[in-house]
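Structure, as structure tokens:
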Amino acid sequence: MTTCTNEVDISSLLTLEVFVISILLTLILGGCIGYLIGKHYYLNSGKARYYVGASLSPSDNEVKQLTIPTTAQQPPSRTQSMSISSQSSTTSNSTDDVPTYDWDGNDLGNLQLSLLNNAISRSSCNEEDGPTMVLRGSLDLMANKWGGEELGGTNNKDTSVVEYLSPQQMTDLLFTKVTSKNDISETLCLDDCPANNIISNKQQGEVPSSPKSSTTDIINLLNSTNDKSTSSSTTLSPTQFLNLLQLIQKYSVNTSHPYFFNQLFGSLDPIALAAEIVALSVNTSVYTYETAPVFTLLEREVMNQIGKLVFEHNGDRVEEEQQEEQFEGEGLMIPGGSLANLTAMHAARHRWKVMNGYTKEQHQQSKKEEEEDSHLVYNYNKSTPPDMVAFISSEAHYSFAKSARVLGIREDDLIVIPTHSDGRMDVNMLAIKMKELEDEGEANQVSRKRVPFFVACTAGSTVRGSFDQVGEIVKVCREYESRYTTDSSPYERSIWVHVDGAWGGSAIFSSRPSLRSSTHMDEIRLADSFTFNPHKMLGAPQQTTAFIVRHRNAMRNASAAGAKYLFDPRKNGAEYDLGDLSYTCGRRTDAVKLWALWKYYGKSGLGQRVDQKVDELELFVEEVQRRESFALACKPWPFNVNFFYFPPRIRRILTERGILPIESWSSKEANAMDDYIQIPDDIAEDLSNVSVTLKLRLHEAGEMIIPYQVSDFGYRECILFCYC
């Protein structure tokens, strides 16, 4: 028997396998290296264009989604439109020498997928860095605060408006001194922390923060190494710091509570809040288009819509007249109604001084603008200018007195006009005071010259909620201007009429004829400027203030400084910059809050919100009338109700004197203070103490926060109810 055996050389086989594998690895590695080198060369060879920020132009649909809808859609103008043109059409600089590249769909998709996977892998880590944990926890705190009852929210009637503590109790509880014995996470005091409380990132178990990315180089974005953006040690762990944030929230007043009536704001709207959160995440400043392109165009869109809503006539007119009244002014979001009133006075004074040659234009106008505004530009007047005089009503906001001080206006040159019994400015008295000033100048009876330049109307006073007769006030001012002759006065006359609608100006959205009539909303188009606060009646977050002017370049002419490092006309989108219209340099993204409300609810939705508040206050007035323990203190306006509460002792005294009971009456028929209860002087102090005591007790119990008003119209302290 013969056995055949095939012998194999094992060492030769291994050598062959190693050789084959090495060849394969070389090919794979060489291909990868070649791909990366080619990709790197391609991305950096000028065949692709990169921009800081968004590198892709939005589609037409995306642009249309940003614009505020109107009843009749019209092609927007270039300067006021929210539409975003393509890069080649908007930039003022030639880009022909810059090579462009249209992204291949697969390349762009792969890039987005890589970025997404990178983000997911980072977010799926078991550990987060400390700041990210704090941020995520703070969002949970906000959600818990805001959510409805099903979400465990705190904005329902069963919860307290505030957990009241006196200033001393609050200090003792929340601002105790930091020592080595107490827990640093239990105090808001900023004393230096003992050394043994210092916590390193390693002790916290935190990982380094997300990598800092380069927006100009995608290679660096994908391949950058982790950089620490936080300090190497902290005084608190994320959990401890979140505990402090929770303390701040716990002992703050819940201004969105149904029983918070203390000031003219409340009822935070979730849509506007969502827009605010997104704006905060962007963390930009709306002074240049370069820095805040979307928010700049959003603000322009909002201001254009407000301008048309306020200043364009909506009645029956021929088309030619409507065309002449198209809004061509400008506006800004201003940090608060007080600064808006100051801005109005400043613009008014600047316009008067330019007309009379006491100051030069700050804004460099185009040749066309110079021809159109030639009547505003005079040779520089070197004589001493007269003293500027402003008129306000006795119920105007106190910010006008502050504004006068800032502008250097003498105290006696801020003339206070008395009001009627219902709180409206006495227009006849305004005309008399203006004529007295005119006669004073013509007779040369005084050593100093005084000229009127500004009148403030109030659209919703703080206490009574009264609305001035804007049309009648404008008529008085224009009649004064028309009496000008070179013989009667050396100064050209110009009176700026401003409407302070910080409280009641949101009625501009209402389409209800009775409300528009009683609030004189349709007369505001005759004025020069207007301001209102959406955070007071429409639910926008604090602060949201819109200021609009009917005159082109009025704000820019008054405030522009032309800082070249910021407002360089050679920069992309420089013609859209808003920062030089304002006092401030840095500017918040406030317009997005009003835009969100307008875009989501529409003009009619915002108007219905205003109308609903009016209806609910009318029901409240009826309840006050039906109850013998209450009485109206003055005529109720659409958004304010002032009333008294009579405890049994005072009610008995008023009944014995025949003052009570009050005969039933209709709030629509009562037009004078004589229709309302008259409080005898001998019990006025007791009644005032009742209002104060009631407020304090409700506040300390956390049940309700209401204001009492020291009424300037002679009826002692009363309680103010306004529905925000």
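Are any of the pairs LYS475/LYS695; LYS308/LYS360; LYS145/LYS308; LYS250/LYS308; LYS250/LYS635; LYS433/LYS695 more than 32 Å apart by Cα-Cα distance, and if so, which?
LYS475/LYS695; LYS145/LYS308; LYS250/LYS308; LYS250/LYS635; LYS433/LYS695
Scan around LEU407 for amide H atoms under 5 Å from its own, H built in the peptide plane at 1.01 Å from N, and keep only partners 5 or more places away or cross-chain.
none
What is the extension gain from GLU616 to ASP439, computed as 0.36 nm multiplied by their sequence separation minus the C-alpha to C-alpha distance, in nm to one decimal?
58.8 nm
By per-residue mean of other Cβ atoms within 10 Å, what is the highest-first order of 289-296, 604-611, 265-272?
With the highest mean Cβ count within 10 Å placed first, the list reads 289-296, 265-272, 604-611.
ILE277 versus TYR583, label points 7 Å from Cα toward the beta carbon: distance in nm?
Using points 7 Å along Cα→Cβ, the separation is 3.3 nm.
So if R0 is 45 Å, what FRET efficiency would GLU700 and SER489 give, r being the distance between their Cβ atoms, rounded to the nearest 0.05?
The value I calculate is 0.15.
Only Lys, Arg, Asp and Glu count, each charged at its Cβ (+1, +1, -1, -1), so figure out the dipole size of the stretch 380-480 about its Cα centre, rounded to 20 debye.
The dipole magnitude comes to about 380 debye.
Using the Karplus curve 6.51 cos²θ - 1.76 cosθ + 1.60 with θ = phi - 60°, what ³J(HN,Hα) values do you get for each residue of the stretch 281-294, in whole Hz, with x for Gly and Pro?
Per residue, the Karplus-derived 3J(HN,Hα) values read 5, 6, 6, 10, 10, 8, 10, 10, 5, 4, 7, 9, x, 5 Hz.
Assuming a viscosity of 1.002 mPa s and a temperature of 20 °C, what translational diffusion coefficient in µm² per second does Stokes-Einstein assign to the stretch 320-570, Rh being the Kirkwood radius over Cα pairs?
Details: Rh = 19.1 Å.
Taking Rh from Cα pairs, D becomes 112 µm²/s.
From the C-alpha coordinates alone, can you work out the Kirkwood hydrodynamic radius of the stretch 548-701, in Å? Write out the running numbers ahead of the final one.
Values: mean 1/r = 0.0478 Å⁻¹.
Result for the stretch 548-701, one decimal place: 20.9 Å.
ASP158 versus GLU411, label points 7 Å from Cα toward the beta carbon: distance in nm?
Here the answer is 5.5 nm between the modelled labels.
Bear in mind that the values in this text are calculations on the coordinates, not laboratory data. Please read these numbers as outputs of a predicted model, since none were measured by experiment. Using ideal geometry, Cβ is built from the backbone for each residue, glycine included, and neighbour counts are taken over all protein chains shown.
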